[in-house]
Every structure is written in C-alpha cells, then in structure tokens.
Amino acid sequence: MAKVDGPLFSLEARGKVGQAIVFFPWKGRHVVRRWLKPTNPRDIDQKLIRQKLAAVGRCIGKFLGVSTAYPNGSLAIVEWKTLTPATNIWNAYIVKKALTQLSSDAKWILFSASIAGADELVTWQSCAQDMGMATLYATNDAYATNIPPEEQLAAVAFAAVEAGYSDVSIDASGLIEDWGTADISLFVSNMLTDAV
C-alpha cells in the first residue's frame, strides 16, 4: 500500500499501488513509474558470478569478525586500508582485484583446479578451517558448484597479491599454488593478528 502525505495535493507518496505503479523519492524529487516485477535470474551465469563474489566476500567477513577489541581490524586489514586508492572502499577494492583476474569462468576453473592440486592443499584446508570457514554449497538459487573453504581463502590471498599488498603476499612467486606452508601460515597470521 502506498503511503501518501497530503493526498489531495499528492505532496509525497511512497510504495506501490497494486501491481500497477510505484511512488518513490529520487534525487530529491517525488516520482512515479510503472511497477516492474524484480528480476532475479537463476541461470548458470548469475550463479557463477555469485559464487565468485561469495568466495572472496565470506573470507573477508571472517577476517573482520575476528576481534572486537580493535576497531581498526587486523594488521593486514589496516595495511589494506592505507594502500587502497582514496576513491575506493578497501573491501570492494580487494574483491575487484580478485575478480579482475578471475572474471572468466575458464580462469576460475583453472584457479580452483590449481588450489585443489596444490602441494600445500592440506595447509590451505587447515588454515581455512581454523578460521571457522565452511563450504558454501551449491543451491538452486545461489551457487553453481560447492566452494570449499580453502578456495575462499586462496581467492583472498590471490586478490592480495593482485592488489600489491607486499606484506601480505610475502615473498611468494605470486602464483597462489606455489605458496609454501610458511607463506600460507604467515598470510593467515597477518589477517588474524590484531592491530593496536
């Protein structure tokens, strides 16, 4: 039901009337338009996009939720915030860096396969599980395939390398599958160490 203030003069209205029209404020004006049913495509392409966003976003959420004692977050998060260009939000920037290189489905499949076949797969898995990460399961609405915790963690590590966060990317070659146990552990340690 639409909410109307001053109905005779129609000074302000918000909401929809039936399935016909919608009243809403836009750029300081009160406007009305035809009601359109919101679209939510559940095709494979949309699921793959959601899968990539979730892989990076859920991992960043784990890093942010570690400490309530320090409002600035972990050491790595503080550094990421200082290195992010002024016109960007730091977490959106890290997601952008991950998706810029992994945007095509073929690259994402190769990335997933490289993590699954990495010599240090057990280290990726144990670090992700220690952080409390869980598999994101494929559903009818959300994701095309299951996203294991180690893949989520590796996607953020990949984004850190792409963004040039040197303290986070350590001295690794930049190829995530080539990281050793010490590289992975140091990355996770930086992400979980509280800033002062």
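Within the stretch 111-151, being of a type in the set (Val, Ile, Thr) and surrounded by 14 or more Cβ atoms within 10 Å (Cβ to Cβ) holds for ILE115, THR123, THR145, ILE147.
Do you know which of the residues in the stretch 130-153 that are among the charged types (D, E, K, R) and at pLDDT 80 or above is farthest from ALA116 (Cα to Cα)?
Filtering the stretch 130-153 down to residues among the charged types (D, E, K, R) leaves 130, 141, 150-151.
Now restrict to residues that are at pLDDT 80 or above: 130, 150-151.
On the way: ASP130: 18, GLU150: 9, GLU151: 8 Å.
If we take residues in the stretch 130-153 being among the charged types (D, E, K, R) and at pLDDT 80 or above, then ASP130 is farthest from ALA116 (Cα to Cα).
In the stretch 84-137, the residue that is nearest to GLY180 (Cα to Cα) out of those that are of a type in the set (S, T, N, Q) and outside any helix (DSSP H, G or I) is THR135. Of the residues making up the stretch 21-47, those that are surrounded by 10 or more Cβ atoms within 10 Å (Cβ to Cβ) and part of a loop (DSSP other than H, G, I, E, B) are TRP35, ARG42.
The values are calculated or read from the model by the stated rules, or taken from the named source; none is laboratory data. From a predicted model like this one, the values you see are computed outputs, not experimental measurements. Neighbour counts are summed over all protein chains in view; Cβ atoms, including those assigned to glycine, are modelled from backbone coordinates with ideal geometry.
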